[in-house]
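The values are calculated or read from the model by the stated rules, or taken from the named source; none is laboratory data. It should be emphasised that the depicted structure is a prediction, and the values quoted were computed from it without experimental measurement. As a convention, Cβ positions derive from the backbone with ideal geometry for all residues, glycine included, and neighbour counts pool all protein chains shown. The protein model used for the area step is the full one, side chains on, heavy atoms only, and it has no ligands, DNA or RNA in it. Shrake-Rupley method; radii C 1.70, N 1.55, O 1.52, S 1.80 Å.
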Amino acid sequence: MTKVLVATDKPFAPVAVKGIRKAIENAGFELVLLENYTSQEEFVAAIGDVEAVIIRSDKADKQVIEAGSKLKIIVRAGAGYDNIDLPAATSKGIVAMNTPGQNSNAVAELALGMMVYYARGFFNGKSGSELMGKKLGIHAYGYVGKNVARIAKGFGMEVYAFDPFIPREEIAKDGVKWLGTVEELYGTCNFISLHIPANSQTKQSVNYSLLSKMPAPACLINTARAEVINDADLLKMFQDRKDFAYLTDVEPSNKAEIEANFKAKFFCTPKKSGAQTEEANINAGIAAAKQIVNFINNGDRTFQVNK
Ligand code: 3PG
């Protein structure tokens with residue numbers, strides 16, 4: 001019988017696991033659960049026996065992939081697949097997929113929630129400010145960016161976006177102001193919301209030269225990846241710009257130093273929680289399960305990311 005492993009150190013909501021189980025068992029497959037594991041060795045030990053695996057931010061590294069002697073498919077239930085060693089998977093003929101768009105509303109809601117939290121002085125009881133009329137720059141206009149724009153427009157924000165891969169008309173038809181360079185985006189907006197993936201082009205790309213272009217007061221929101229920021233430059237921004245605030249769902253490497261010195265302008269979720277809603281877990285988890293069933297039974301490779 002085909003075995004499907006769900007390996008999640010940050011588990012899906014029980015209701016989503018129920019849905020995943022149903023999709024897997026209805027296909028006549030067996031579900032194996034590895035939740036809340038604390039060492040990569042546990043993941044390596046569990047993979048040996050299975051044909052398919054569903055992960056979240058769990059690391060499908062070379063060691064895991066090599067231990068997967070029967071492994072045919074890895075599905076990242078979510079958007080970013082920087083946690084999968086794609087060359088290792090490809091060299092073993094293993095298909096890697098993501099589930100684009102399935103958790104994007106949840107992440108977008110968190111981004112806007114962070115903006116409100118910032119505008120209201122981290123709920124400190126003093127007089128704050130409103131989002132209406134403020135300029136928001138969306139850095140990358142994919143599924144999450146698009147949802148951020150939709151919600152931000154509901155708040156009455158003036159929304160701008162930069163994305164070199166999305167045609168200008170597609171951005172403009174959402175009532176979002178298209179900008180042709182990333183420098184213009186940072187130079188125009190008091191709020192910047194990051195939605196770029198972490199890859200060789202984007203890692204460390206949000207640096208001092210870019211951030212320092214932001215008009216005061218500047219607020220950077222990161223519900224994307226920690227690696228896209230240059231952390232030394234981030235610290236320099238805090239040091240040089242009293243008006244700069246950073247709210248993030250992904251921990252910077254120098255979190256302790258920033259927290260010790262700039263607590264009033266910094267917030268980091270205790271655990272990455274953008275996609276941590278029942279709805280997003282159901283959408284992404286069940287999509288992942290169905291993609292596996294469709295691949296094993298019909299060879300469907302839609303959403304393959306290592307072509
Ligand atoms: C994603 O890439 O889909 C998001 O960052 C969510 O990640 P998570 O599944 O680890 O919460």
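Rolling a 1.4 angstrom probe over the chain with all protein chains present gives an accessible area of which 52% lies on carbon and sulfur atoms. Remark: spin-label model distance Phe165-Met1 equals 3.9 nm, labels positioned 7 Å along the Cα→Cβ axis.
Estimated purely from DSSP H runs of n ≥ 4, each contributing -39500 (n - 2.57), the mean residue ellipticity at 222 nm for the chain is -11000 deg cm²/dmol once divided by its residues.
Taking 0.36 nm per residue of sequence separation and removing the Cα-Cα distance, the Val116/Val44 pair yields an extension gain of 21.8 nm.
Working from label points 7 Å from Cα in the Cα-to-Cβ sense, the Gln201 to Val15 distance is 3.8 nm.
Say R0 is 25 Å: what FRET efficiency, to the nearest 0.05, do Asp233 and Ala260 get from their beta-carbon distance?
0.85
Which entries in Lys146/Lys265; Lys236/Lys307; Lys135/Lys272; Lys62/Lys153; Lys10/Lys213 show an alpha-carbon gap greater than 32 Å? Where the Cα-Cα span goes over 32 Å, the pairs concerned are Lys236/Lys307; Lys62/Lys153; Lys10/Lys213. Using the 1.4 Å probe convention, the accessible area of the chain works out to 45 Å² per residue with neighbouring protein chains retained. Here the chain is treated as a sphere whose radius is the Kirkwood value from Cα pairs; by Stokes-Einstein at 37 °C and 0.692 mPa s it diffuses with a coefficient of 161 µm²/s. Site pair Asn298 and Lys173 shows an inter-label distance of 2.7 nm when each label is modelled 7 Å from Cα along Cα→Cβ.
When the Cα convex hull of segment 57-213 is projected onto planes of every orientation, the mean area is 11.2 nm². Give me the angle, in degrees from 0 to 90, between the Cα long axis of helix 143-154 and the longest principal axis of the Cα atoms of the chain, rounded to the nearest 10. Approximately 40 degrees, to the nearest 10. Placing Asp249, Asp9 in order of accessible area, with the largest value first and a 1.4 Å probe, yields Asp9, Asp249. Bridging of Lys22 to lysines at a Cα separation below 19 Å is possible for Lys3, Lys290, once same-chain residues fewer than 8 apart are set aside. A dipole drawn for the chain from +1 and -1 charges on Cβ atoms has a positive end, and of Asn190, Val228, Phe155 the residue lying farthest that way is Phe155.
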